[in-house]
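Below is one structure, written out as structure tokens; comments come after it.
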Amino acid sequence: TLSSSSAASDVYKRQEIIPDTRRYSAQPFPTLRLASDQVVETRAALCIPLFSGDRPLGILEQYYASVGGPLHSDVELLTAFANQASVAIRNARLYEQEYNIAQTLQKAFLPELPPLVNGLEVGRIYVSGSVASSVGGDTYDLLKLRDGRVAALVADVTGKGTAAATVAILARDIARAYALEDPEPSSVLRRLNEAMCSQSEATLYLTLIYALIEPTTGRVQIASAGHPPALICRGDTRVCTEWGVETGMLIGLLKDQHYPQCETTLQHGDALLLYTDGVVEARRGKEQFGQERLERAFNAAVHLPAQEIASILYAAVADFVHDERNDLSLIHISEPT
């Protein structure tokens, strides 16, 4: 029995053997059900306190049906078990704290994207590889600019959990501020890199891909900082191709970096996919999901609404990896058919 309040609460701070419970007639001890299904009174008890450092966690209690108390071997075994239980309880409480922090972060972390932004269909998926925290180092953003253009980014911070999530939020918000001033992809990435490099305490870096889209013309400009390449699927031919952008240095690693940008045009029915490496590097044993599977899944779904495409791509990855987990984010933008 594990409890934080018990008949032995007056001896909470020390191990206690009660050889005869009849001496404590005022205290309610539980009855015991033997293997023979007979119900008998408790006649002896062993009480071992559980601590996390100096903080009490509870009491481990072992009850006996006969007077005399436990054997020495019982005391040693249950003391060892109590120590292990203390560690498990402390870890469970730390997990709960981490989870609560992560839930709070996640609300600020992942913006709600409407299904239609300035005439563009948008779909998105985020999955954390961290079972403990439910957030990882991936993030995304979509920003409507005053002139009608749309800025989209997907980023992936090294590391996992709340530390990586905090860096991801910081980078995303800095990029958003710079995009409002000058939304050109090369400018946003260059200024973001300078800002992240100036964070002297920062030890985490990030890859990032940033696209600037003009919905009225379909013009798309893009720049990348060590990030997996975007995919474009043409609606008329159903051909999915990797958009080969010259990539720059990871954000936050070295100052004075240049981030080249290039451009293309989206036609009605075309689709643009930005994603993190958790998609193509998702593993089943030693085998990766890979670029070819992603392109096949993208080709097969390109005629569907944007959020359905995002969900289908995630389902393809999830079916491939089964129970394995990995940080995974993708944002899908389509010119409506």
By residue number, the members of region 36-49 that are over 23 Å from residue 72 (Cα atoms) and outside any strand (DSSP E or B) are 36, 37, 38
Condition set among the polar types (S, T, N, Q) and within 29 Å of residue 90 (Cβ to Cβ), scope region 51-69, selection least open to solvent (accessible area, probe 1.4 Å): answer is 52
When region 281-303 is checked residue by residue, the ones that are under 21 Å from the mean Cα position of the chain (by Cα), open to solvent by less than 50 Å² (accessible area, probe 1.4 Å) and modelled with pLDDT of 90 or more are 289
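Filter region 197-221 down to residues that are among the hydrophobic types (A, V, I, L, M, F, W, C) and surrounded by 23 or more Cβ atoms within 10 Å (Cβ to Cβ) and give me whichever is farthest from residue 244 (Cα to Cα).
Within region 197-221, the first condition is being among the hydrophobic types (A, V, I, L, M, F, W, C), and the residues that meet it are 197, 202, 204, 206, 208-209, 211-213, 220.
From the residues that got through so far, the ones that are surrounded by 23 or more Cβ atoms within 10 Å (Cβ to Cβ) too are 206, 208-209, 211-213, 220.
Values: 206: 20, 208: 15, 209: 12, 211: 13, 212: 16, 213: 17, 220: 13 Å.
My answer is 206.
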Output yes when any residue across region 237-259 is outside any helix (DSSP H, G or I), over 26 Å from residue 194 (Cβ atoms), open to solvent by 70 Å² or more (accessible area, probe 1.4 Å) and charged (D, E, K, R), and no when none is. yes
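Being open to solvent by less than 70 Å² (accessible area, probe 1.4 Å), over 28 Å from residue 188 (Cβ atoms) and of a type in the set (Gly, Ala, Ser) is true for just one of 306, 271, 316, 310. Which residue is that? First the steps, then the outcome.
Details: 306 fails: over 28 Å from residue 188 (Cβ atoms); 271 fails: over 28 Å from residue 188 (Cβ atoms); 310 fails: over 28 Å from residue 188 (Cβ atoms).
None of the other options fit; the residue is 316.
The values are calculated or read from the model by the stated rules, or taken from the named source; none is laboratory data. Values in this document were obtained by computation on a predicted structure and should not be read as measured data. Please note: Cβ atoms are built from the backbone with ideal geometry, for glycine as well, and neighbour counts cover all protein chains shown. Accessible surface areas use protein heavy atoms only, side chains included; no ligands, DNA or RNA. Shrake-Rupley method; radii C 1.70, N 1.55, O 1.52, S 1.80 Å.
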